[in-house]
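I have placed the structure first, in the form of structure tokens, so that the comments after it can refer back to it.
Bear in mind that the values in this text are calculations on the coordinates, not laboratory data. Keep in mind it's a predicted model, so treat the numbers as computed, not measured. Here the Cβ is made from the backbone with ideal geometry for all residues, glycine too, and neighbour counts use every protein chain on show.
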Amino acid sequence: MTNFTYFNPVKVVFGKGMIAELKGLIPADVKVMLTYGGGSIKKNGVYDQVRAALAGRALTEFGGIEPNPRYETCMSAAAQARAEGAGFLLAVGGGSVLDATKFIAVASVYAAGDPWGIMEGRQPVTAALPLGSVLTLPATGSEMNTFAVISRASTGEKLAFASPLVYPKFSILDPETTFSLPARQVENGIVDTFVHVMEQYMCAIGSAPLTERQAEAVLLTLIEEAPKVKLHPDDYDVRANLMWCATTGLNGSLGCGVAAQDWATHMIGHELTALYGIDHARTLAVIMPAVHRHEIRRKQARLAQCAGRVWGITQGDAAARAAQGVDKMEAFFRSVGVPTRLSEYKVDAAEAGRQVAARLAKRGVKIGEYGDLGGQEVQEIVLLAK
Ligand code: NZQ
Ligand code: ZN
């Protein structure tokens with residue numbers, strides 16, 4: 001096990017009816033800016049619950065944050081937050097609203113020029129408005145982590161930043177808010193969570209037995225709950241289990257003592273979303289099996305462990321078990337309802353591979369747990385996903 005420092009200050013407020021707790025979670029003397037997306041919260045009653053919980057409070061709002069939130073939208077929101085003197089941001093929605101709100105929190109107090117420099121890793125985050133969240137889509141883990149992914153329409157980029165200054169002060173996780181999710185977003189959430197766990201777990205370097213078993217527990221729970229949510233979408237406990245899996249999947253705990261992580265799937269996936277507009281999770285379902293097949297020799301030991309403990313595969317040598325485990329994972333994504341091949345999106349894999357490789361090379365990015373997958377390997381991986 002490698003050394004680690006683990007700090008996660010997010011207060012998680014979990015369960016039905018917990019939106020009412022909002023009034024005690026936000027300081028009484030600040031103006032709150034409520035941020036939200038395209039209107040789902042107005043249809044499912046979450047907006048009304050939030051307004052009721054904050055009755056009598058100084059409040060302003062900014063709606064219209066799009067999926068794969070845009071820098072341009074965030075900059076308008078930041079200008080509004082400044083102009084109206086907002087002292088606290090409350091994100092109500094999915095990962096996109098949360099991520100946008102993290103960027104708005106930084107941009108609205110930014111004094112060193114264009115905050116896009118933060119996304120490019122050229123400038124540090126030195127201050128941010130405090131923020132909290134009411135999560136309505138379990139998927140990204142943004143509600144309990146330091147990351148945000150922002151797209152820039154004018155340049156076609158999709159980049160991530162991280163800072164402890166954008167940890168939410170609290171996140172309210174009421175599984176009842178997820179009853180209104182379209183099936184496609186439920187599917188996306190399951191796959192995104194699964195892949196977050198895998199990116200931390202499926203590494204060839206080092207070992208952290210407890211953390212690995214915690215990762216396997218999340219994977220097993222997802223595999224158990226995924227068919228249930230299709231059959232019984234109104235089952236509160238199933239929704240609650242999926243929600244807690246998603247938050248646990250990317251709140252940092254599954255990285256404790258793990259020597260390295262492999263975010264190759266996400267790095268390629270973000271480029272595919274930027275290039276072709278494919279939903280975040282759907283890019284991951286296409287790319288992760290391809291990454292594992294490409295890296296099957298180097299990842300063999302962990303893939304075989306996963307095959308045995310998660311997929312129940314016990315026959316054959318380690319190489320055969322590893323390969324069967326990858327097949328099982330791909331079949332699982334398909335059973336959830338998510339395609340796993342680029343051809344299903346009518347995307348030419350050879351062309352996509354060239355483009356993704358060129359975009360990563362332009363930023364000088366090499367990927368994988370060894371940081372040694374460059375243009376050639378990226379093209380090979382994307383081709384395996386054809
Ligand atoms: O905009 P509204 O009207 O709210 O509708 C949203 C949106 O259309 C809808 N929705 C959300 N909650 C709902 C609902 N519809 C009905 N009922 C509800 N309860 O769902 C649609 C998708 O929402 P979005 O927030 O975009 O989805 P998700 O949570 O999957 O977030 C995806 C974004 O997060 C980034 C992705 O790259 C992508 O930009 N990620 C953020 C990460 C992080 N911060 O740690 C890590 C991830 O790997 C990921 O990269
Ligand atoms: Zn993700």
| said: Could you work out the relative contact order of segment 11-177? I mean the mean sequence separation of Cα pairs under 8 Å and 6+ apart, divided by the number of residues, in percent. | reply: 28
| query | To the nearest 500 deg cm²/dmol, what mean residue ellipticity at 222 nm is calculated for the chain from DSSP H runs of n ≥ 4 alone, each contributing -39,500 (n - 2.57), summed and divided by the residues? | reply | -15000 deg cm²/dmol
| said: How tilted is helix 236-249 with respect to the longest principal axis of the chain? Cα atoms for both, answer in degrees (0 to 90, nearest 10). | reply: 80
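Once the Cβ-Cβ distance between ALA318 and GLU351 is put in as r, and R0 is 22 Å, what FRET efficiency do you end up with, to the nearest 0.05?
Numbers: r = 35 Å, r/R0 = 1.61.
With a Förster radius of 22 Å, E is 0.05.
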| Over segment 183-384, relative contact order from alpha-carbon pairs under 8 Å, at least 6 apart, % | 25
| query | What is the distance, in nm, between label points placed 7 Å from the Cα along the Cα-to-Cβ direction at ALA260 and at ASP29? | reply | 5.1
| Quick one: helix 264-276 against the long Cα principal axis of the chain, what's the angle to the nearest 10°, folded into 0 to 90? | 70
| message | Using only Cα atoms and rounding to the nearest 10 degrees, what angle (0 to 90) does helix 300-309 make with the longest principal axis of the chain? | response | 70
| Candidates GLY24, GLY325, GLY141: whichever shows maximal mean-square fluctuation once the chain is modelled as a Gaussian network with Cα springs under 10 Å | GLY24
| message | I need the peptides 34-46, 276-288 ranked by packing, meaning the mean over residues of other C-beta atoms within 10 angstrom, with the highest value on top. | response | 276-288, 34-46
| remark: For THR60, other-chain or 5+-apart residues with amide H closer than 5 Å (H placed, Pro excluded) are VAL32, MET33, LEU34
| field | Straight-distance crosslink candidates among lysines, where the alpha carbon sits under 20 Å from LYS299 and sequence neighbours closer than 8 are dropped | value | LYS328, LYS366
